[in-house]
Amino acid sequence: MESGLQGMLPITIFSQGGSFLLTRLLVSAGLITLSAFLNLYSPHPLSQRASTFILAANGFFFMAGFLWICWFHWQIYLNLPLELPDHIVPWINRQLELMNSNSDYGMGLYNGASPPRYKIPLWIENEKYYFWFMCYGIMALLVHFRLQSHRFRALLHLFLALQVAILYFGADPFSAPLPQFLAEIAPWYSPGQSLMAKAGYFMRLYPKMVFYYNAEYMWFHPPLLFISYAAITIIFITSVFMLFKRDLLIEKIGYGYAKLGFFMLTLGMLLGYPWALKAWGPNWWWDPKICSSLMMWAVFSTYLHTRLYANKKSMWYFTSVLGIICFLAMIFTLLTSFYFPGEHTFQ
């Protein structure tokens, strides 16, 4: 895979540049962790200007890394078209016409003048964690400026540092970029293939390109969910804090992000419905990820409704517990993609 694609994609440059940015993220996360622990156990705020600067630098490195990912995806679009020899195009188009006649959703016929190209979304494989954690980092920075509570800020910073550590040590999107995608397409660019082998690879790659990589819903459904996950993380931190201290401003901020997260989650799930019908047909309702997402949505909805009565003492703590359960439901929903077989299962 490496030898064939290295000459077509700037994989080494991307990996080196991304590793540089990710290392800076890790260093800033280490500094913010130190500041967070000092403030968590101190009765008075410590080094708040320094922590604000480090948090802003962290956001800068996150955004720079995301732009770097955008650049790499642009290189994929430019350099990896699915080009076919002209004399097998009529046969390919006959196969596509046959497939389209038996399907509710057709695929475009092959056009030799404009071969199909990959429009890879920016949140697949390990890049989805990068996008999710970047969204949380931006939200944490905004909350940091709104609140002066040094202990609450410390909790925000600790979660951000944990997410950076997960990226660096377990979900690095730069060191080996898009390994599943590149492994899928590597045979297509291997030299010395027969025409039948080339045609066979095309008929395997093209449907997934149309219904997955180039699907318009991929640009709306996943990112909306990851933005909601970032907001749920803010809700979790505010809910934990509310168990120990009755602070109306922190509760108000948590509720604001709850409304944002619930809207994004609901919209993302609704936009996933037509995509699921198009990609999988009608038999997808019992997919584990979908069932757990509906459970998470129900818990989230309950949290928002109980908040209306949060001014009552008992409901204050009950609402806080529900906010924590929302976060746990989100983690469970994520884990279903790894441990339960279904259409959303991660390889």
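Side notes on the structure shown:
- Only one of the numbered conditions (1) touching a His at 6+ places or on another chain (Cβ under 6 Å); (2) closer than 14 Å to Ala165 by Cβ; (3) open to solvent by 40 Å² or more (accessible area, probe 1.4 Å); (4) not polar (S, T, N, Q) is not met by Pro45, and that is (2).
- Conditions (1) open to solvent by 80 Å² or more (accessible area, probe 1.4 Å); (2) modelled with pLDDT of 95 or more; (3) aliphatic (A, V, I, L, M); number of the one not met by Met139: (1)
- Restricting region 45-79 to residues that are assigned to a helix (DSSP H, G or I) and polar (S, T, N, Q), the residue that is farthest from Leu147 (Cα to Cα) is Asn79.
- Taken over region 321-339, the residue count meeting the criterion of being farther than 17 Å from Phe262 by Cβ, in contact with a Ser or Thr (Cβ under 7 Å, 6 or more places away or on another chain) and not hydrophobic (A, V, I, L, M, F, W, C) is 2.
- Among the residues of region 145-182, those that are touching a residue at least 60 places away in the same chain (Cβ under 8 Å), open to solvent by 50 Å² or more (accessible area, probe 1.4 Å) and not aromatic (Phe, Trp, Tyr) comprise Arg146, Gln148, Arg151, Ser175, Ala176, Gln180.
- Residues satisfying the stated conditions in region 20-42, i.e. small (Gly, Ala, Ser) and open to solvent by 30 Å² or more (accessible area, probe 1.4 Å): Gly30
- Flag if Gly108 is of a type outside the set (Phe, Trp, Tyr) and more than 21 Å from the chain's Cα centre (by Cα): yes
- Within region 212-242, the residues that satisfy the criterion of being among the β-branched types (Val, Ile, Thr) and surrounded by 22 or more Cβ atoms within 10 Å (Cβ to Cβ) are Ile227, Ile232, Thr233, Ile234, Ile235, Ile237, Thr238.
- Within region 188-211, considering residues that are among the charged types (D, E, K, R) and open to solvent by 70 Å² or more (accessible area, probe 1.4 Å), the one nearest to Glu83 (Cα to Cα): Arg204
- Residue that is nearest to Leu156 (Cα to Cα) [pool: residues in region 243-272 that are open to solvent by 30 Å² or more (accessible area, probe 1.4 Å), under 18 Å from the mean Cα position of the chain (by Cα) and of a type outside the set (Ser, Thr, Tyr)]: Leu260
The values are calculated or read from the model by the stated rules, or taken from the named source; none is laboratory data. Since the structure is predicted, the reported quantities are computational estimates derived from the model, not experimental observations. As a convention, Cβ positions derive from the backbone with ideal geometry for all residues, glycine included, and neighbour counts pool all protein chains shown. These accessible areas exclude ligands, DNA and RNA; they are computed on the full protein's heavy atoms, side chains included. Shrake-Rupley method; radii C 1.70, N 1.55, O 1.52, S 1.80 Å.
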